[in-house]
1. Looking at (1) in contact (Cβ under 8 Å) with a residue 40 or more places away in the chain; (2) within 14 Å of Ser6 (Cα to Cα), which is the only condition Asp37 fails?
2. Restricting the first residue to region 1-17 and requiring it to be in contact (Cβ under 8 Å) with a residue 60 or more places away in the chain, which pairs with a second residue that is surrounded by 11 or more Cβ atoms within 10 Å (Cβ to Cβ) and of a type in the set (Lys, Arg) meet a Cβ separation below 6 Å and a spacing of at least six or different chains?
3. So which residues in region 40-53 are assigned to a loop (DSSP other than H, G, I, E, B) and either over 13 Å from Asn68 (Cα atoms) or out of contact with any Ser or Thr (no Cβ under 6 Å at 6 or more places or on another chain) (or both), if there are any at all?
4. Output the residue which, of all residues in region 1-28 that are basic (Lys, Arg) and within 16 Å of the chain's Cα centre (by Cα), is farthest from Phe69 (Cα to Cα).
5. Looking only at residues that are surrounded by 11 or more Cβ atoms within 10 Å (Cβ to Cβ) and of a type in the set (S, T, N, Q) in region 10-24, which one is farthest from Gly39 (Cα to Cα)?
6. Can you tell me which residue in region 40-66 is modelled with the lowest pLDDT, limited to those that are exposed (fewer than 14 other Cβ atoms within 10 Å of the Cβ) and farther than 16 Å from Tyr21 by Cα?
7. If a residue has to be surrounded by 15 or more Cβ atoms within 10 Å (Cβ to Cβ) and over 17 Å from Lys58 (Cβ atoms) to count, how many in region 25-37 make the cut?
Amino acid sequence: MNFAKSAIPLFKRSQEVYFDYPINDREIKGIAIIDLDDGMAEPSITSGGLGFSFAKVKLKSERGSGYNFRIEIYA
């Protein structure tokens, strides 16, 4: 899945994305967060993740810039 936001001068752009695996007995084995712009944006996993069936990812841009991420979840 791709997530992108355009730049707004002097502001940081942010977004929280929630992923939930539909089958409860499966757990997440890997997460890849790829910065397609090679910028200074900061992704982070705020809850869940490896070993869980869900993950919450926060995407935050550098001040005055946008971001463009591809997030891949493996189970």
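The values are calculated or read from the model by the stated rules, or taken from the named source; none is laboratory data. These numbers were taken from a predicted model, which means no experiment stands behind them. Every residue, glycine as well, gets a Cβ built from its backbone with ideal geometry; the counts of neighbours run over all protein chains shown.
1. (1)
2. Asn2/Arg70; Lys5/Arg13
3. Met40, Gly49, Leu50, Gly51, Phe52, Ser53
4. Pass one, region 1-28, residues basic (Lys, Arg): 5, 12-13, 26.
Those left that are additionally within 16 Å of the chain's Cα centre (by Cα): 5, 12-13.
Details: Lys5: 9, Lys12: 15, Arg13: 13 Å.
Per the stated criteria, the residue is Lys12.
5. Within region 10-24, the match that is farthest from Gly39 (Cα to Cα) is Gln15.
6. Filtering region 40-66 for residues that are exposed (fewer than 14 other Cβ atoms within 10 Å of the Cβ) and farther than 16 Å from Tyr21 by Cα, the one modelled with the lowest pLDDT comes out as Met40.
7. Going through region 25-37 one residue at a time, the tally reaches 1.
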